[in-house]
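Below is one structure, written out as structure tokens; the observations come after it.
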Amino acid sequence: MKINILTQFPEMFSPVITESILGRAAEKGLLSFNVVNIRDFTLDKHRKTDDTPFGGGAGMVMTPQPAFDALKSVGAEALRCIYMSPRGRVLDQSLAEDLAKEQELCILCGHYEGVDQRILDAFRMEEVSIGDYILTGGELAAMVLVDVVSRMIPGVLGNELSPLDESIYSGLLEYDQYTKPREYEGMEVPEVLYNGNHKLIHLWQFENSLRLTKERRPELLQSFLSEDRKFTKDEKKILDKVLSES
Ligand code: ADE
């Protein structure tokens, strides 16, 4: 997948796209990033990318010309374009999965009071928020989106199975994890996890996930239960036990 990112702060993206899992995926050619500085497309000598809003009010608004030219330079007319904005659809795993199906994406990061609406209209931008709070700019939000989408692309995570077991992905929060040593400062790892009985391990993890989800995210548990899922007899017993607890 190719991801074009249009921003006035391109340096902010370097660590995210060159280090760790995304950096390795880019080296392997699974992902490519094209970070474009909108300021490079300004035509005036002050390299101005924003101006005061019509109708008054505080803050500055991104002007159409540099953004239009930057967007055209990456062929945004033909791409799925996303504008990071607190008034957009809130990002979740299903939106990430949907975006991960694209061959190429274009992400526009705004600043201050936002961008001229004509930019959003002309490029049929989908507005995406990463949560109900206001950041100083779209860059951090774009990094979150890039990270979430990238890890859905086959081969990006070393272990192909890992996104499948996970929390929100399976509909439940992820169970507690432990590693060596078995005992640390008097605290022990649950014995079932190292006795080698895979069926019991699975049931322990299922029960732990159910309990956590019931306690922390009851609305997720409700939608998990409303889906048409098949449970084994043992899973069903655990489900009944956890649901009957007050
Ligand atoms: N820009 C500012 N706040 C944002 C948010 N919460 N999500 C996406 N983009 C933003």
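The values are calculated or read from the model by the stated rules, or taken from the named source; none is laboratory data. No experiment lies behind these values; they were computed from the predicted model shown. Don't worry about glycine lacking a Cβ; one is built from the backbone with ideal geometry, like all the others, and counts go over all protein chains shown. Ligands, DNA and RNA are stripped out before the accessible areas are found, and what is left, the full protein with its side chains, is counted by its heavy atoms. Shrake-Rupley method; radii C 1.70, N 1.55, O 1.52, S 1.80 Å.
So for segment 21-38 (the condition being under 20 Å from LEU6 (Cβ atoms), among the hydroxyl-bearing types (Ser, Thr, Tyr) and more than 16 Å from the ligand (Cβ to nearest atom)), does at least one residue qualify?
Kept after step one, since they are under 20 Å from LEU6 (Cβ atoms), are these residues of segment 21-38: 22, 26, 31-38.
After this cut, where a residue has to be among the hydroxyl-bearing types (Ser, Thr, Tyr) as well, the list is 32.
Now drop any that are not more than 16 Å from the ligand (Cβ to nearest atom), which leaves 32.
Checked segment 21-38: at least one residue is under 20 Å from LEU6 (Cβ atoms), among the hydroxyl-bearing types (Ser, Thr, Tyr) and more than 16 Å from the ligand (Cβ to nearest atom).
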> Can you find even one residue in segment 2-22 that is open to solvent by 40 Å² or more (accessible area, probe 1.4 Å), touching a Ser or Thr at 6+ places or on another chain (Cβ under 7 Å) and modelled with pLDDT of 95 or more?
Replying inline: yes
> Which pairs do you get when a residue that is without any contact (Cβ under 8 Å) to a residue 40 or more places away in the chain, found in segment 62-89, comes within reach of a residue that is more than 12 Å from the ligand (Cβ to nearest atom) and open to solvent by less than 50 Å² (accessible area, probe 1.4 Å), reach meaning Cβ atoms under 8 angstrom, with the pair 6+ apart or on two chains?
Replying inline: GLN65/THR42; PRO66/ILE38; PRO66/THR42; PRO66/THR49; SER73/VAL36
> Mind checking which residues of segment 136-152 are surrounded by 15 or more Cβ atoms within 10 Å (Cβ to Cβ) and part of a loop (DSSP other than H, G, I, E, B)?
Replying inline: GLY138, ARG151, MET152
>> Take the conditions open to solvent by 50 Å² or more (accessible area, probe 1.4 Å), assigned to a helix (DSSP H, G or I) and in contact (Cβ under 8 Å) with a residue 24 or more places away in the chain and apply them to LEU243. Does it pass?
In response: yes
> Listed residues SER94, SER129; which is of a type in the set (Gly, Ala, Ser), more than 15 Å from the ligand (Cβ to nearest atom) and more than 13 Å from ARG80 (Cα to Cα)?
Replying inline: SER94
> Which residue pairs have Cβ atoms closer than 6 Å, lie 6 or more positions apart in sequence or on different chains, and pair a first residue in segment 125-140 that is at negative phi and of a type in the set (Ser, Thr, Tyr) with a second residue that is within 6 Å of the ligand (Cβ to nearest atom) and open to solvent by 60 Å² or more (accessible area, probe 1.4 Å)?
Replying inline: SER129/PRO86
> Would you pick out the residues in segment 89-104 that are more than 14 Å from the chain's Cα centre (by Cα) and either of a type in the set (Gly, Ala, Ser) or surrounded by 16 or more Cβ atoms within 10 Å (Cβ to Cβ) (or both)?
Replying inline: GLU104
>> When the residues of segment 195-232 are narrowed to those that are open to solvent by less than 80 Å² (accessible area, probe 1.4 Å) and among the hydroxyl-bearing types (Ser, Thr, Tyr), which ends up nearest to SER246 (Cα to Cα)?
In response: THR213
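Given the residues TYR83, TYR112, which is the only one that is in the same structural domain as LEU22 (by TED's automatic domain parsing), within 16 Å of the ligand (Cβ to nearest atom) and surrounded by fewer than 18 Cβ atoms within 10 Å (Cβ to Cβ)? If you could, list the steps in order and put the result at the bottom.
Details: TYR83 fails: surrounded by fewer than 18 Cβ atoms within 10 Å (Cβ to Cβ).
So the residue among TYR83, TYR112 that is in the same structural domain as LEU22 (by TED's automatic domain parsing), within 16 Å of the ligand (Cβ to nearest atom) and surrounded by fewer than 18 Cβ atoms within 10 Å (Cβ to Cβ) is TYR112.
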> What are the residues in segment 116-132 that are in contact with a helix residue (DSSP H, G or I) (Cβ under 8 Å, 6 or more places away or on another chain) and either open to solvent by less than 20 Å² (accessible area, probe 1.4 Å) or of a type in the set (Ser, Thr, Tyr) (or both), if any?
Replying inline: ILE119, PHE123, VAL128, SER129
>> Whether any residue in segment 116-124 is within 16 Å of the ligand (Cβ to nearest atom) and at positive phi is what I want to check.
In response: no
> Quick one: how many residues across segment 48-87 are among the aromatic types (Phe, Trp, Tyr) and part of a strand (DSSP E or B)?
Replying inline: 1
> Restricting the first residue to segment 31-57 and requiring it to be at positive phi, which pairs with a second residue that is part of a loop (DSSP other than H, G, I, E, B) meet a Cβ separation below 8 Å and a spacing of at least six or different chains?
Replying inline: GLY57/GLU113
>> Anything in segment 178-194 that is assigned to a loop (DSSP other than H, G, I, E, B), open to solvent by 100 Å² or more (accessible area, probe 1.4 Å) and under 18 Å from GLU207 (Cβ atoms)? List them, or say none.
In response: TYR178
